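Beneath this line is the structure, given in structure tokens, with notes to follow.
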Amino acid sequence: MQTNVSTPNHRRQFGLQPTLAWTAMLGLVCFSLLCILAGAGGLLRLAYPAIALLVGLFLFKRYPVLYLGFTWWIAFLTPFVRRLIDFQSGWVDPSPVLLAPFLVMMLTGLTFVQYLPRYLRQDGLPFILSAAGVFYGLLVGLIKYPPTAVVVPLLNWLAPILFGFHLFVHWRHYPAYRQNVERVFLWGVLVMGAYGVLQYLVAPEWDRFWLISSKAIAFGTPEPLGMRVFSTLNSPGPFATVMMAGLLLLFNNQGTLRFAAGGVGYLSFLLSLVRASWLGWAVGVVAFVPSLKPRLQMRLIVTILVMAVCVVPLVNTQPFSGAIAARLQTFSNTQDDVSYNQRLEGYGQIMGEALAEIPGNGLGFVLTNDSLGSNDSGILTLLFNLGWFGTLPYLGGTVLLFFSLFRGKEGQTDPFVSAARAISLGVFAQIGLGSSMLALSGVVMWSFAGMALAAQRFYRYQHLLQPGDE
């Protein structure tokens, strides 16, 4: 039985109530717009993460559902704000603006400390084991490198785990969290997808400036029809992961807006040219469909067919078809695929060295290799940064996480649970092709896993309250 539990307080939080919370969030938006319009990008560069943290702390304490939505939107839009600031006030790298989403997420460390003793021997063990592996890497990194070199890697590694744990332990809020996440990702896919298509066709000046300044040659050329789409995010990889999650969630949506979101969403997703996320989406669909009851399977299949009718004509129309078709051909013609062959060469050069990393180099270590960087493989990232001492608990926690995710049957009656499992598995499936467990991609994996585990506890509690209900 699917149970929809929603209190009046939860319902109020989906409009522009409570007024104080929305005033705080819109205040950040208005302040950012005013600074950009007034040419005060330098001020905003420091003020933006500080104000975002204060707003996040206020919502975290008072309005937990709005905190969740605020965190996702800060993650979606902060790289875009950074590009506007740099375009106006000059290129700065690393930019303190990019700290904003991770500072907001790290507030959930308070939840981790508060609930750690209670969940040490319960379903929270996967999060605790993986966090232990990260803390080991932190200790090694602090011994080898200056503290400033460890801060950003720590945020990238730890924030996803803490955020997922926070969602899990607040399982009583699951219905409100579910509704919030579905709405956030519906609008997120629509907004980011539409801007992604515009980015490909027009190549806005701030995006071109960022591409030139960052020297990110792998992201294409700074001209219309030349960019690999990254939309409002910082690079094609995280963008494709977020879109993969949003597009899988659209299968659950029954509103008409999902077709517009799906059209621009799939088109921009394909224009990102991130094959790892394409494969992750396929893994997600394969995991999604069998977990549903036959009636929900038929509804999902119909939705996929309708989405295909909307998307296929766009994909086969110039100027989109050329770039997408060329990328798709690399699946069958690997001999001429330069990046694929470079990745294989890199693996051959350093895999033996990675496997020999017993203590690891710690957080802050950066692999330099002409053919392969550590970000091209989550496996290499784990071994070089955490060593076997840190990798074993981290991977042990991850394996235990997925074992826990797929042992329940809640997904048969609640499609969101099935989608959340599929999303987490789809992200993890990319670990051999990128560091999918870190930064925003990691947030997607751990947060949806946390939501699925929260659903298990929520429905288990509902069945205890109604033992005769089937």
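Given the criteria more than 20 Å from residue 451 (Cα to Cα) and among the β-branched types (Val, Ile, Thr), does residue 128 qualify? Spell out the reasoning first.
On the way: more than 20 Å from residue 451 (Cα to Cα): no; among the β-branched types (Val, Ile, Thr): yes.
No: the conditions fail for residue 128.
Which is modelled with pLDDT of 90 or more and assigned to a loop (DSSP other than H, G, I, E, B), of 367, 363? Break it down into steps so the answer makes sense when it comes.
Numbers: 367 fails: modelled with pLDDT of 90 or more.
Going through 367, 363 in turn, just one is modelled with pLDDT of 90 or more and assigned to a loop (DSSP other than H, G, I, E, B): 363.
Does the range 143-165 include one or more residues that are modelled with pLDDT under 95, more than 30 Å from residue 265 (Cβ to Cβ) and among the small types (Gly, Ala, Ser)?
yes
For the range 96-175, please list each of the helices (runs of 4 or more DSSP H) lying entirely inside it that holds at least 2 residues being among the small types (Gly, Ala, Ser). Walk me through how you get there before you give the answer.
Values: elements: 100-105, 109-119, 125-144, 148-169.
Correct list: 125-144, 148-169.
Enumerate the helices (runs of 4 or more DSSP H) found wholly within the range 241-329, keeping only those where 3 or more residues are modelled with pLDDT of 90 or more, crowded, with 17+ Cβ neighbours inside 10 Å and touching a Leu at 6+ places or on another chain (Cβ under 7 Å). So that I can check it myself, show each step before the final result.
On the way: elements: 257-271, 275-288, 294-315, 321-329.
In the range 241-329, 257-271, 275-288 are the helices (runs of 4 or more DSSP H) which contain 3 or more residues that are modelled with pLDDT of 90 or more, crowded, with 17+ Cβ neighbours inside 10 Å and touching a Leu at 6+ places or on another chain (Cβ under 7 Å).
Would a scan of the range 129-144 turn up a residue that is touching a residue at least 12 places away in the same chain (Cβ under 8 Å) and either farther than 23 Å from residue 360 by Cβ or charged (D, E, K, R) (or both)?
yes
Quick check on residue 447: is it without any contact (Cβ under 8 Å) to a residue 40 or more places away in the chain, surrounded by 24 or more Cβ atoms within 10 Å (Cβ to Cβ), in a helix (DSSP H, G or I) and of a type in the set (S, T, N, Q)? Break it down into steps so the answer makes sense when it comes.
On the way: without any contact (Cβ under 8 Å) to a residue 40 or more places away in the chain: no; surrounded by 24 or more Cβ atoms within 10 Å (Cβ to Cβ): yes; in a helix (DSSP H, G or I): yes; of a type in the set (S, T, N, Q): yes.
In short, no.
I'd like to know if the range 202-214 contains one or more residues that are in contact (Cβ under 8 Å) with a residue 40 or more places away in the chain and of a type in the set (A, V, I, L, M).
no
The values are calculated or read from the model by the stated rules, or taken from the named source; none is laboratory data. Computed from a predicted structure; not experimentally measured. Cβ coordinates were reconstructed from backbone atoms using ideal geometry, including for glycine residues, and neighbour counts include every protein chain displayed.
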